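S.K.: Got a structure for you, written out below as structure tokens; questions coming shortly.
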Amino acid sequence: MTRRHSLAARLSRHVTAGFAAVWLLALVATALALMAEQEELADITIQRTAQVFLPAVASDFRQRNPDAAALPVEVQGAPRFDPAGDTIDKTLVYRLLDRSGRGLMQSRAPEDTVYPDSIAQGFARTASHVFYTTAPNAEGFIMQVGDLRAERFEAYADSFLALTLPMLAILPLAWLLVGWIGRRSLAPLDRLRDEIAQRGDARLDPIEAEDQPDELRAITATLNGFMIRLSRALDGERAFATNAAHELRTPVAIALAQVQRLRAEAPGAPQDSRLAAIEEALKRMTRLVVRLLQLARTDAGIGLSDQTRDIRALLDLMLEDIRRDPARAPRLRAALPDGPVMARIDPDALAMLVGNLIDNAFQHAPAASPVSVTLSPGGTIRVQNDGPVIPPDTLRRLSERFHRGTARGEGFGLGLHIAERIAHHTGGTFEIVSPRPGSEQGFQASFTAPTE
């Protein structure tokens, strides 16, 4: 099974996929830039903190230890200096050193805190913290300040999440927006498709391309050229069929009249059987000429009318002709509604459509079997006849031009085709089924006219 693709949906998928790829690259680049900026900001923070803490912590140390030069290195739990408050213990750690790297004073810190081995000025990363070490001041004091690497990562993760979540919402919005833009941009294609759908063998006028985009103008110009060539070919074919039918009508009628006269003047003559065969052949040719003329009018687009007409009255007139036919009248079963049934259909088109359906029913029904013609108040004409069930494959092709459903040679394969084409031109519906509804055999052809 061939999978159908919408050009608008395809455009939406491709553009959204491209947008998503660019979005992902931008997100990765932003994440890297954000990480670098946050690292730089954190480094500046501990650097400035160390530079600010150094004189304050050194002064506090001098006040507490006047003889500091003789004091040993302080151990964990030494006096605490915490000018930023209690939270400084969890985020920042510091220690005051002398020139030799002896620890003089330090803040409380987690047990797993790892201090740098070097006292060189600058940044140092340990397993737990990032430290900044100042240069010795005039008194020889050195300050080391560090913040938790885990805190840095958590701050980065929070920032990245705050950046990513709003950006994730952009993707479905982009999908909807691109889909809307795609449909709006491809609207000229839909209009061109609708214009092409309105064309057919009854309408092949050129498509207006003035308001179309440049990309579609070339396609429309090529299509218009094709329709012009096709219209000329169809006009030539119709003209040939019409002229041929008109030219044949008179000589066939004359020949039929002469044969009938000969049979009348010499009844029972030895050549009477031959004359009867010639008469039957000429009658058949007359019916073919009528069908060809109807086909030419059908191909010209006859069908829909600007005015509504009472199809019940028109159908009753057609049935009246059949009632005067002694061969068909006993077999006819008609049922018409009491009131008028209004429909927008040309009277000649209705006569050709119903006439072909009735002729087809009488022609293919078993001898002496009834033919039913009904009209519903909703404008549906049904013609039913008896007969064997028609196989589905044959039934599907019955309305094709010159296709005959049986091996018998009575028909021309045009009646149902003409009826189907007229129904198409009127905008009504045409349906053939076998067996007929409510029975195990027979055939039904139905036409629903375009009512008011």
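S.K.: Looking at segment 90-112 only, could you name the residues that are more than 23 Å from ASN65 (Cα to Cα) and either buried (at least 19 other Cβ atoms within 10 Å of the Cβ) or touching a Lys or Arg at 6+ places or on another chain (Cβ under 7 Å) (or both)?
M.R.: Listed by number, the list holds a single entry, LEU92.
S.K.: Within the set of pairs 6 or more residues apart or between chains, which connect a residue that is at positive phi inside segment 356-382 to a residue that is not in a loop (DSSP other than H, G, I, E, B) with Cβ atoms less than 7 Å apart?
M.R.: From segment 356-382, the pairs are ALA368/ARG331; GLY379/ILE311; GLY379/ALA343; GLY379/THR448; GLY379/THR451.
S.K.: May I pose another question? Taking helices (runs of 4 or more DSSP H) that fall entirely within segment 119-228, which contain at least 1 residues that are within 30 Å of TYR94 (Cα to Cα) and more than 25 Å from the chain's Cα centre (by Cα)?
M.R.: Helices (runs of 4 or more DSSP H) meeting the threshold: 149-168.
S.K.: Quick one: which of ARG421, ARG436 is in a loop (DSSP other than H, G, I, E, B) and either within 30 Å of ALA281 (Cβ to Cβ) or modelled with pLDDT of 80 or more (or both)?
M.R.: Exactly one residue qualifies, and that residue is ARG436.
S.K.: OK, next. Does any residue of segment 153-176 turn out to be surrounded by fewer than 12 Cβ atoms within 10 Å (Cβ to Cβ) and acidic (Asp, Glu)?
M.R.: Looking for residues that are surrounded by fewer than 12 Cβ atoms within 10 Å (Cβ to Cβ) and acidic (Asp, Glu), one finds at least one in segment 153-176, hence yes.
S.K.: Would you be able to tell me the number of residues in segment 203-221 that are of a type in the set (A, V, I, L, M) and surrounded by fewer than 16 Cβ atoms within 10 Å (Cβ to Cβ)?
M.R.: Of the residues in that region, 3 qualify.
S.K.: Determine if segment 248-255 includes at least one residue that is over 23 Å from ILE418 (Cα atoms), surrounded by 13 or more Cβ atoms within 10 Å (Cβ to Cβ), at pLDDT 75 or above and over 45 Å from the mean Cα position of the chain (by Cα).
M.R.: Yes, the conditions are met somewhere in segment 248-255.
S.K.: Now for a separate question. Exactly one of (1) at pLDDT below 85; (2) in contact with a Pro (Cβ under 7 Å, 6 or more places away or on another chain) is unmet by ALA56. Its number?
M.R.: Going through the list (1) at pLDDT below 85; (2) in contact with a Pro (Cβ under 7 Å, 6 or more places away or on another chain), ALA56 breaks only (1).
S.K.: Another question about this same structure. Restricted to segment 88-117, and to residues that are closer than 16 Å to ILE46 by Cβ and part of a loop (DSSP other than H, G, I, E, B), which residue is farthest from the chain's Cα centre (by Cα)?
M.R.: SER107
S.K.: Taking PHE19, is it within 60 Å of the chain's Cα centre (by Cα) and at pLDDT below 80?
M.R.: Criteria met by PHE19.
S.K.: Residue check, ALA407 against (1) in contact with a Pro (Cβ under 8 Å, 6 or more places away or on another chain); (2) modelled with pLDDT under 85, all met but one. Which one?
M.R.: (1)
S.K.: Can you tell me which residues in segment 157-175 are closer than 14 Å to LEU27 by Cα and not aliphatic (A, V, I, L, M)?
M.R.: Answer for segment 157-175, where residues must be closer than 14 Å to LEU27 by Cα and not aliphatic (A, V, I, L, M): SER159, PHE160, THR164, PRO166.
S.K.: Taking segment 323-350 as the search range and keeping residues that are assigned to a helix (DSSP H, G or I) and in contact with a helix residue (DSSP H, G or I) (Cβ under 6 Å, 6 or more places away or on another chain), which one is farthest from ASN385 (Cα to Cα)?
M.R.: PRO347
The values are calculated or read from the model by the stated rules, or taken from the named source; none is laboratory data. These numbers come from a predicted model, not from an experiment. Counting neighbours? That spans all protein chains shown, and the Cβs are built from the backbone with ideal geometry, glycine included.
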